[in-house]
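Notes follow the structure.
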Amino acid sequence: MEINGREISKSIKAKLAEKVATFPEKYGSTPNLVVILVGEDPGSVSYVTGKAKTATEIGIRNTTIRRDENISEEELLALIDELNHDDDVDGILVQLPLPKHIDEDKVIAAISPDKDVDAFHPYNVARLWLKQPCSLPCTPKGIIKLLKSHNVLIEGQEAVVVGRSNIVGLPVAKLLLDNNATVTVAHSRTKNLAEITRRADILVVAIGKERYIKADMIKPGAVVIDVGVNRDSRNGKLCGDVDFEAASKVASHITPVPGGVGPMTITCLMENTIDSFVRKMERK
Ligand code: GUN
């Protein structure tokens, strides 16, 4: 059974739009998201365009600030500082990756944790691992919502996460653990990967390698979440980290690429922006 991320996103977005529509009367304002895009990387341009479009659909004010790839780190940090101090800005997202001459860690740490809608700031990462209230990173949050929307049992199940990035692998492992799964994190150096993935009742793959997970690496009836976004070397189309055609004959549930995890990531970004706005308004 295919897990349709577009459909699930659509229903969440409709609810978010209804909520935002009440804000002008309730708060006299609406949420405001600022996205910073440095350079012209086609993948990044496409992501940023999708985020802006979705924000507008929901009624979230949004601006994309585009800067030349030669912008200095100092200039970028000054821009973030200005947005941190602008009370009308609720969310700041710096699209990654950044050019090599800019220290990404420094940029992420410069964003006010209150406006960190990606939840990449060390403060928010620490709060996630300490199980304290915080914004959750968008892709991991979206994955848990996909599982829950299909009533997938997480508690007590064997979950295997392939990939250990700060953006997906590690935080999704933590969220699965918080939902009482038994979690294994595998990666590119894991020995006998197939042996480990075949144990998984829930298999989350975020390794960034085209069709890396084959059908014979999946336990029959497993739930497979494919976070990969790759170019198919055969036809140039988008494809995931899982060999979808063959894997969908073995799995009980599987996410397609595109149309699985991706739309949920954007939807969770909108939710985080709205939550940031509401927190600001409730502080007043
Ligand atoms: N680049 C790829 N994914 C992401 C994301 O979720 N947030 C940001 N800021 N950049 C990204």
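The values are calculated or read from the model by the stated rules, or taken from the named source; none is laboratory data. All values reported here derive from a predicted model rather than from experimental measurement. All Cβ positions, glycine included, derive from the backbone under ideal geometry; neighbour counts span all protein chains shown. The area values use the complete protein model at the heavy-atom level, side chains included, leaving out ligands, DNA and RNA. Shrake-Rupley method; radii C 1.70, N 1.55, O 1.52, S 1.80 Å.
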Item to complete: Find the relative contact order for the chain and round it to a whole percent, using C-alpha pairs within less than 8 Å whose residues are 6+ positions apart.
Response: 21 percent
Discussion item. As I understand it, the value is the acute angle between the Cα axis of helix 169-178 and the longest principal axis of the Cα atoms of the chain; what does it come to in degrees, rounded to 10?
Written reply: 80 degrees
Response to the item:
For the chain, using Cα atoms only, the Rg and Dmax in Å read 19.0, 58
Discussion item. Let me check against my output: what whole-number percent is the relative contact order of region 1-137, with C-alpha pairs under 8 Å and at least 6 apart?
Written reply: 22 percent
Worksheet item: Along the charge dipole of region 23-139, Cβ charges K/R +1 and D/E -1, which of Ile92, Leu136, Ala119 sits furthest on the positive end?
Response: Leu136
Item to complete: Determine the sum of side-chain charges near Trp129: Lys and Arg each +1, Asp and Glu each -1, restricted to other residues whose C-beta is under 12 angstrom from that of Trp129.
Response: +2
Item to complete: Quick one: grab the alpha carbon gyration tensor of region 13-91, order the square roots of its eigenvalues as a ≥ b ≥ c, and give me rounded if a/c is under 1.5, else prolate or oblate depending on whether a/b is larger than b/c.
Response: oblate
Worksheet item: How would you rank 185-193, 230-238, highest first, on the average number of other Cβ atoms within 10 Å across their residues?
Response: 185-193, 230-238
Worksheet item: Around Glu75, what is the net charge, scoring Lys/Arg as +1 and Asp/Glu as -1 over all other residues with Cβ under 15 Å from its Cβ?
Response: -4
Worksheet item: How far apart, in nm, are the 7 Å Cα→Cβ label points at Lys237 and Ser29?
Response: 4.5 nm
Response to the item:
Measuring from the longest principal axis of the C-alpha atoms of the chain, the long axis of helix 138-149 (C-alpha) lies at a number of degrees, nearest 10, equal to 60 degrees
Discussion item. If R₀ is 22 angstrom, what is the calculated FRET efficiency for the pair Thr49 and Asn70, using the beta carbon separation as r and rounding to 0.05?
Written reply: 0.50
Worksheet, complete the sentence: Ordering 258-264, 152-158 by per-residue average of other C-beta atoms within 10 angstrom, highest first, gives 258-264, 152-158
Practice prompt. Count the net charge of all other residues whose Cβ sits under 11 Å from the Cβ of Ala17, scoring Lys and Arg as +1 and Asp and Glu as -1.
Written response: +2
Item to complete: Would you work out what percent of the accessible area of the chain, with all protein chains in place, is carbon or sulfur (probe 1.4 Å)?
Response: 51 percent
Item to complete: Treat every Asp and Glu Cβ in region 105-161 as -1 and every Lys and Arg Cβ as +1, leave all other atoms uncharged, and give the resulting dipole magnitude about the Cα centre to the nearest 20 debye.
Response: 120 debye
Fill in: Pairwise label distance in nanometres, Lys249 with Lys131, each label 7 Å out on the Cα-Cβ vector
4.3 nm
Item to complete: Enumerate the amide H contacts of Arg199 below 5 Å, restricted to partners 5 or more residues apart or on another chain; note that Pro and chain-start residues carry no placed amide H.
Response: none
Discussion item. So with the 1.4 Å probe, I'd like the accessible area per residue for region 211-262, rounded to whole Å².
Written reply: 44 Å²
Worksheet item: On a 0 to 90 degree scale, rounded to 10, what angle separates helix 5-21 from the longest Cα axis of the chain?
Response: 20 degrees
Worksheet item: To the nearest 20 debye, what charge dipole does the chain have about its Cα centre, counting +1 at the Cβ of each Lys and Arg and -1 at the Cβ of each Asp and Glu?
Response: 980 debye
Item to complete: For region 185-192, just list the computed ³J(HN,Hα) in residue order, Karplus coefficients 6.51, -1.76 and 1.60, θ = phi - 60°, integers in Hz, with x standing in for Gly and Pro.
Response: 9, 9, 7, 4, 9, 5, 7, 6
